[in-house]
Amino acid sequence: MDVELLSRIQFALTVGFHFLYPPMSIGLGLILVVFEGMYVKTKSKKFEQLTRFWLKLFAITFGVGVATGVVMEFEFGTNWAGYSRYVGDVFGSPLAAEAVFAFFLESTFLAILLFGWNKVSTKTHFVSTILVAFGAHLSALWILIANSWMQTPTGFHIVGSGSTARAEIIDFWAMVFNPSTIERYTHTVVAAWLTGAALVISVSAYFLLKKKYEEHSLASLKIGVAILVVASVLQLVTGHSNAVMVTDNQPTKLAAFEGHYKTGPADMYLIGWVDVDNEKVYGIKLPGMLSFLARFDCTAPLKGLEEFSPEDRPNIQVVFQSYHIMVALGILFLAVSALSLFLWWKKKLPNYKLYLWGMSILFIFPHIANQFGWIAAEVGRQPWIVYNILRTKDALSASVSAGEVLFSIILFTLIYIFTLLIFIYTFIRTMKKGMDIPELPINKVEVI
Amino acid sequence: MELNIIWFILIIVLLIGYAVLDGFDLGMGVLYLTHNRENSRPLLLKAIAPFWSGNEVWLVAGGGALFAAFPYAYASIFSGLYIALMLLLVGTIFRGIGLEFRNKENSIKWQSRWDIAISVSSILILLVFGVAVGNFMQGLPIDALGNIQINVLLLFTPFPLIMGLLSVAFFAMHGAIYGAMKTEGDLQAKLIRQAKVLASVSIGLFILAFFVFGNYSIVNIIDNVFNVVALAVLLYLLTKKKCGLSIVISGLIALLYIANIGYTVFPNFVVSTIDTAYNLNIYDASSSQETLKIMLIIAGIGVPIVLAYTVFVYRAFRGKVQMD
């Protein structure tokens, strides 16, 4: 295998594993603010215990996120030296800003969250929780700015030519608010809320099934469901705005989403298989629906893949399938939201075992949606590392051999799988140890 | 002052921040296995628990700043020292999850395995860093295109190895002093004993590195004389159990030594052993003036805020650590 493919595999592998954790930290950050906010406001023991319990799970998630994330800050240099030289002038500053404005904030105040209960006042603790959650959201913003610039680069010009050519910044804010930043940031953050909410729902449902901490778990289930409902509806909105944005800015990616080859009105597939050789798609389709979503007109012509030469197209099959898995899961979250709201309205949220069983594995699905959504977005950008500016094959490190990359891939694969297993094991153990609650049921404690 | 020079200094400052702060928790990791598993290690972990992940951000910030301000240096160095960098990253991952998960189970097997992971990875990180710094002082085979082609084993030549050992010994001392500051009784006494031994070893290694490297410039002579005198003072202070003052001194030694190394290689990031015409300096490696200006604004707003809340959090956790 060549260095390009190996380097892509390594980056996908490391960032894919890393991307399991930050969405949970962002989502749980928000949920911790809600729990602790309820505690500060009502002084309820129930919410104090929920806060302390979820803080433990948050800490594990955050810790693994940090450990797996440090790699990313260096990997551009190690494996993508060509890229780093070409775009460092533009791309480096959001990464540096992330460390200075966000990562320090999260890491430093996390200490207060975990070890500061007896060192600072309740109010200071709550403010620290808000700062950690804010830091997590801000961190995602700077990373998404950098990543979105790779999709829709603006605010720069190319200086020099040949091997000394590079992108230089001319307008920092145009780079920051490039055409896809807002759409992609909102879509990603809402996905993170959904991921956090699903995790809280799953753990709460598990406890309800086991008839443990029932009062606590019902409260956390309701908060989880409320966030799930809001997030899954918002995801319709941000998903749509992304489709419009991609239509405007990355026609090859949009065409690849639906395997749209011939310029003209574009269909939307519910499920399908792309016959790449014959440039056809087999499956169940809604005629004109993609045109409608992008332009509010079923007959609006959209650029097909035929307008781009094969070496300028991404891997259509991968993009098509990833995109459809993400969309299907989005619909699943809407269905789960509707069902949960209905049960809540009927005051039967904790009554059905089947519902609770289903909910106890809900946490897996946002992760699948996150991974595939990200694959659709990033593979859809190929063969460009910076869309229409720099090809991936021109972005590699000249001094790194295929053998070296293979060595590091094996190393990272082993470590990341090990890390994931340890994370799952510890998460489950911590969850099963449960909450620190005195012997008496909670309501009696409060009476006393 | 020119922006390129300002940013070279700021990169060195970030490196110093990382060395002085993460240095004490990495250094504690070096000595960690010599302490009692049941009684002492949990206290040592408790002493660094609130700080280590914040300290590590200095490294990430340094990486980000190097990328933004000097992308050519970032690209050449990290791709050229590929395997060494991977070892560093692997060490960082293991240390992170070790510190995170060590106390999540009460089983002896679980804890002692993570203890080994914490200690080995701390030693690995300090060693690789020291060796890397030694190589930068010596120069690297960087070519006309800015690529460094070198077998990883050739990085471990005598002088870089001395620097690697110095890094391990010195920061182990730094960590022992920090530990002594945060503990009492027998544990504190043992940490002070260890710090004293390591201070003596560091004096020897500083002198050895000085003569092997053979740079007899005034600045380097003054700095190394300072190192020896300061370590002697430190030995005296440790006898008096003045740990707070001692850690200020060990921090100051690290600060001045790294600044001295920066001054030695300035204005280069990488001195070429092939041809000095290929040296990668702060002008050839840098981003545009516009980006350096933007970055200066980002640092000007961000860093004071970071320092303010870092002081706040360190103050919140001041004083000795005790078992729960």
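A few remarks follow.
- Counting only other chain Cβ atoms within 10 Å of each residue's Cβ, the peptide B:308-316 averages 4.
- Hull shadow area, averaged, the protein assembly as shown [alpha-carbon convex hull, nm²]: 34.2 nm²
- When chains A and B come together, the accessible area they lose, probed at 1.4 Å and totalled over both chains, is close to 5900 Å².
- Sequence of A:T129, B:T157 when ordered by accessible area, the most exposed leading, probe 1.4 angstrom: B:T157, A:T129
- Rounded to the nearest 10 degrees, the inclination of helix B:158-182 to the longest alpha-carbon principal axis of chain B is 40 degrees.
- Think of each Lys and Arg Cβ as +1 and each Asp and Glu Cβ as -1; about the Cα centre, that makes the dipole of region A:3-447 roughly 2120 debye.
- Normalised Debye scattering of chain B at q = 0.09, 0.11 Å⁻¹ gives log10 I(q)/I(0) of -0.47, -0.71, counting only Cα atoms as equal scatterers and leaving out solvent.
- Other protein chain Cβ atoms within 10 Å, averaged over every residue that makes up A:111-118: 4
- Among A:Q151, A:L343, A:S397 the positive-end extreme of the charge dipole of region A:3-447 (Cβ point charges): A:L343
- Segments B:286-293, A:142-149, B:57-64, B:217-224 sorted - mean Cβ within 10 Å per residue, highest first: B:57-64, A:142-149, B:286-293, B:217-224
- Take each residue in A:419-431, count the other chain C-beta atoms within 10 Å of its C-beta, and the mean is 2.
- Euclidean distance of C-alpha centroids, region A:77-153 and region A:14-56, integer Å: 18 Å
- Chain A: angle of helix A:104-115 to the longest principal axis, Cα-based, in degrees nearest 10: 20 degrees
- Carbon + sulfur, % of accessible area of region B:3-316 - ligands and nucleic acids excluded, 1.4 Å: 72 percent
- Within the listed set A:G88, A:G162, A:G283, the Gaussian network model of chain A (springs between alpha-carbon atoms below 10 Å) gives the highest mean-square fluctuation for A:G162.
- Longest to shortest principal axis, alpha-carbon extents of region A:262-361, angstrom: 57, 27, 20
- Placing unit charges on the Cβ atoms of the charged side chains and taking the dipole of chain B about its Cα centre, the candidate lying farthest along the positive direction among B:Y283, B:L237, B:W52 is B:L237.
- A:T122 sits among other residues whose Cβ lies under 12 Å from its own Cβ, and their net charge, with Lys and Arg +1 and Asp and Glu -1, is +2.
- On region A:208-294, 65 percent of the accessible area sits on carbon and sulfur atoms, based on a 1.4 Å probe.
- The residues B:C243, A:C298, sorted by heavy-atom accessible surface at 1.4 Å with ligands and nucleic acids left out, run A:C298, B:C243 from largest to smallest.
- Solvent-accessible surface (1.4 angstrom probe) belonging to A:R85, in square angstrom, nearest 10: 40 Å²
- Computed from point charges on the beta carbon alone (+1 for Lys and Arg, -1 for Asp and Glu), the dipole magnitude for chain B about its Cα centre is near 1320 Debye.
- Spatial separation of Cα centroids for region A:242-285 and region B:114-151, in angstrom: 48 Å
- The angle separating the long axis of helix A:3-18 from the principal Cα axis of greatest extent in chain A is about 20 degrees.
- Accessible area of chain A divided out per residue, in Å², using a probe of 1.4 angstrom: 40 Å²
- Interface burial in region A:67-87 reaches 50 Å² or more for A:A67, A:V70, A:E73, A:F74, A:T78, A:R85, comparing the full protein assembly with the chain by itself; accessible area from heavy atoms with a 1.4 Å probe.
- Counting only protein heavy atoms and using a 1.4 Å probe, the accessible area of B:S167 comes to about 10 Å².
- Per-peptide packing, taken as the mean over residues of other Cβ atoms within 10 Å, places A:25-32, A:312-319, A:424-431 in the sequence A:25-32, A:312-319, A:424-431 from highest down.
- Span from the region B:159-180 Cα centroid across to the region B:77-106 one, whole angstrom: 18 Å
- Fraction in percent of alpha-carbon pairs per bin - 5 Å, region B:103-203: 2, 12, 14, 15, 17, 13, 10, 7, 5, 3, 1, 0
- Histogrammed with a bin width of 10 Å, the alpha carbon distances of region A:3-447 distribute as 4, 19, 28, 25, 16, 6, 1, 0 percent, first bin at zero.
- The largest accessible area among A:T186, A:T164 belongs to the first residue in A:T164, A:T186, and the rest follow in falling order (1.4 Å probe, all chains).
- Interface burial in region B:50-71, defined as at least 20 Å² less accessible area with all protein chains than with the chain alone at a 1.4 Å probe, covers B:P50, B:S53, B:G54, B:E56, B:V57, B:L59, B:V60, B:A61, B:G64, B:F67, B:A68, B:P71.
- Pairs exceeding 30 Å between alpha-carbon atoms, taken from A:K119/B:K104; A:K285/A:K347; A:K56/B:K196; A:K119/B:K196: A:K285/A:K347; A:K56/B:K196; A:K119/B:K196.
- Accessible solvent surface per residue of chain B, calculated while the other protein chains remain in place, 1.4 angstrom probe, Å²: 39 Å²
- Taking the average, over residues, of other Cβ atoms within 10 Å as the packing measure, peptides B:129-136, A:73-80 rank A:73-80, B:129-136 from highest down.
- Cβ-based charge dipole, chain A, positive-most Cα from A:S204, A:L57, A:F134: A:S204
The values are calculated or read from the model by the stated rules, or taken from the named source; none is laboratory data. Quick caveat, the model's predicted, so the values are computed rather than measured. When we count neighbours, we look across all protein chains shown, and the Cβ atoms used for this are built from the backbone with ideal geometry, even at glycine. Note: areas computed on protein heavy atoms with side chains; ligands, DNA, RNA excluded. Shrake-Rupley method; radii C 1.70, N 1.55, O 1.52, S 1.80 Å.
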